[in-house]
Amino acid sequence: MVNYRYLGKSGFKVTEITYGNWVTHASQVENDAAIATVHKALDLGITSFDTADTYANTAAEVVLGEALKGQRRESLEIFTKVYWPIGPKGANDRGLSRKHIHDGINGSLQRLGVDYVDLYQAHRYDYETPLEETMQAFADIVRQGKALYIGVSEWTAEQLREGHALAKQLGFQLVSNQPQYSALWRVIEGKVVPTSEELGMSQIVWSPMAQGVLSGKYLPGQPVPAGSRATDEKSGATFIKRFLDDDVLAAVQKLKPLAEQAGLTMPQLAIAWVLQNPNVAAALVGASRPEQLEDNVKASGVTLDADLMAAIDEALAPVAVTDPEETYSVSPATRP
Ligand code: NDP
């Protein structure tokens, strides 16, 4: 079974391994396989699920809704997001304006087939909309009961601080940030994590396995494995490219003996690594097939000792990205 962790200072608990359906459902993976993977997640004790309106241009929410149909709603934690353009990409089909947040939540609820989501997240910071407008719109959604908690994704430490203060004034909880975090991408450690600890917010971290690269299946100088994300020309291949560098892949291979010594598979080591950070509430894993989740959930509850953590640091130091300035920022960085 999978352990639960609190989200920020709230009383809300999520499974420390949460299943997300970016670039897989309604895209790389056929619907039958997507639904089978969600059902496997439930069988394994994962009750928290992450999606976004923009995934497969809204179709991923439909698949997740279909897969969760008939489950006891109270026993599920469902997260979705708003910001990126959806639909015909009209003038108001993107961002964190009051209008787009209003339309966004209503569309997501309809596609997921639920009355409320547990966590509604700003998928990026919106430099075009005043933050007061965004936070007021989120406050209204919480009051309407359409979302219970509000989170954000890839906000900087300063943005988290400002958003948190406004949420407090408006009487709702900003509980989480959803950044990229893995042993290869550590940019949150310098600023975002210390600020979040101070504010009482958690991280729900995406791509803990660097999109599959930390599973060790991509070998330097070799063709990418058949059926992997790197072969998914519809979407996934574009995103994983940044990690498919021979120096990175060679450094990852150095983790193999370390994982073996610890009695873990490489995917388990990668997921357990992010869960050693106490500010992380959940590792947001992807899976293109049910068997991957069987492997990955065994990372729940694993402790990596200090020597092993140091050996991982040493193996990846030449290639791991740590600069806090790399925290995602979407242009334009100011209102045009
Ligand atoms: P991971 O780093 O966990 O990568 C998942 C992929 O790795 C799988 O789809 C699979 O790809 C491969 N994999 C998984 N398990 C194994 C295994 N045991 N052995 C070998 N390969 C394996 O996470 P994702 O990149 O998928 O991201 C997870 C979630 O994070 C998303 O679904 C989404 O919810 C969230 N996210 C949020 C973002 C944001 O901006 N807020 C951005 C990106 C993601 P394959 O089999 O095809 O090779």
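The values are calculated or read from the model by the stated rules, or taken from the named source; none is laboratory data. Given the structure is predicted, the values throughout are model-derived calculations rather than measurements. Heads up, the Cβs are rebuilt from the backbone with ideal geometry, glycines too, and the neighbour counts pull from every protein chain shown.
Summary of values
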| item | result |
| --- | --- |
| Exclusive hit being surrounded by fewer than 24 Cβ atoms within 10 Å (Cβ to Cβ) and of a type in the set (A, V, I, L, M), set Leu214, Leu199 | Leu199 |
| So Gly286, is it within 13 Å of the ligand (Cβ to nearest atom) and small (Gly, Ala, Ser) | yes |
| Single match in Gln178, Gln173 (criterion: polar (S, T, N, Q) and at pLDDT below 95) | Gln173 |
| Members of segment 73-91 that are buried (at least 24 other Cβ atoms within 10 Å of the Cβ) and free of Cβ contacts under 8 Å to residues at least 40 places away in the same chain | none |
| Which listed residue, of Ala41, Ala33, Ala52, is aliphatic (A, V, I, L, M) and farther than 26 Å from Asn277 by Cα | Ala33 |
| Within segment 235-267, considering residues that are within 21 Å of Asn21 (Cβ to Cβ) and buried (at least 18 other Cβ atoms within 10 Å of the Cβ), the one nearest to the ligand (Cβ to nearest atom) | Pro267 |
| Residues located in segment 213-234, provided they are among the acidic types (Asp, Glu) and either modelled with pLDDT of 95 or more or within 11 Å of the ligand (Cβ to nearest atom) (or both) | Asp232 |
| Which listed residue, of Ala333, Ala283, is closer than 30 Å to Arg94 by Cβ, outside any helix (DSSP H, G or I) and modelled with pLDDT of 95 or more | Ala283 |
| Residues that are under 22 Å from the mean Cα position of the chain (by Cα) and of a type in the set (A, V, I, L, M, F, W, C), drawn from segment 63-95 | Val63, Leu64, Ala67, Leu68, Leu76, Ile78, Phe79, Val82, Trp84, Ile86 |
| Selection status of Ser27, within 28 Å of Glu291 (Cβ to Cβ) and either assigned to a loop (DSSP other than H, G, I, E, B) or modelled with pLDDT under 95 (or both) | yes |
| Candidate set: segment 6-57, residues that are aromatic (Phe, Trp, Tyr) and more than 11 Å from the ligand (Cβ to nearest atom); chosen: the one nearest to Gly70 (Cα to Cα) | Phe12 |
| Arg94, sole failed condition from (1) touching a residue at least 24 places away in the same chain (Cβ under 8 Å); (2) assigned to a loop (DSSP other than H, G, I, E, B); (3) within 15 Å of the ligand (Cβ to nearest atom) | (1) |
| Sole exception among (1) over 16 Å from the mean Cα position of the chain (by Cα); (2) crowded, with 20+ Cβ neighbours inside 10 Å; (3) aliphatic (A, V, I, L, M) for Ala60, by number | (1) |
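Okay, residues lined up against (1) free of Cβ contacts under 8 Å to residues at least 12 places away in the same chain; (2) within 16 Å of the ligand (Cβ to nearest atom); (3) among the small types (Gly, Ala, Ser); (4) touching a Lys or Arg at 6+ places or on another chain (Cβ under 6 Å):
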{"residue": "Val117", "(1), (2), (3), (4)": "no, yes, no, no"}
{"residue": "Ile141", "(1), (2), (3), (4)": "no, no, no, no"}
{"residue": "Glu154", "(1), (2), (3), (4)": "no, yes, no, yes"}
{"residue": "Ala167", "(1), (2), (3), (4)": "no, no, yes, no"}
{"residue": "Gln178", "(1), (2), (3), (4)": "no, yes, no, no"}
{"residue": "Ile188", "(1), (2), (3), (4)": "no, yes, no, no"}
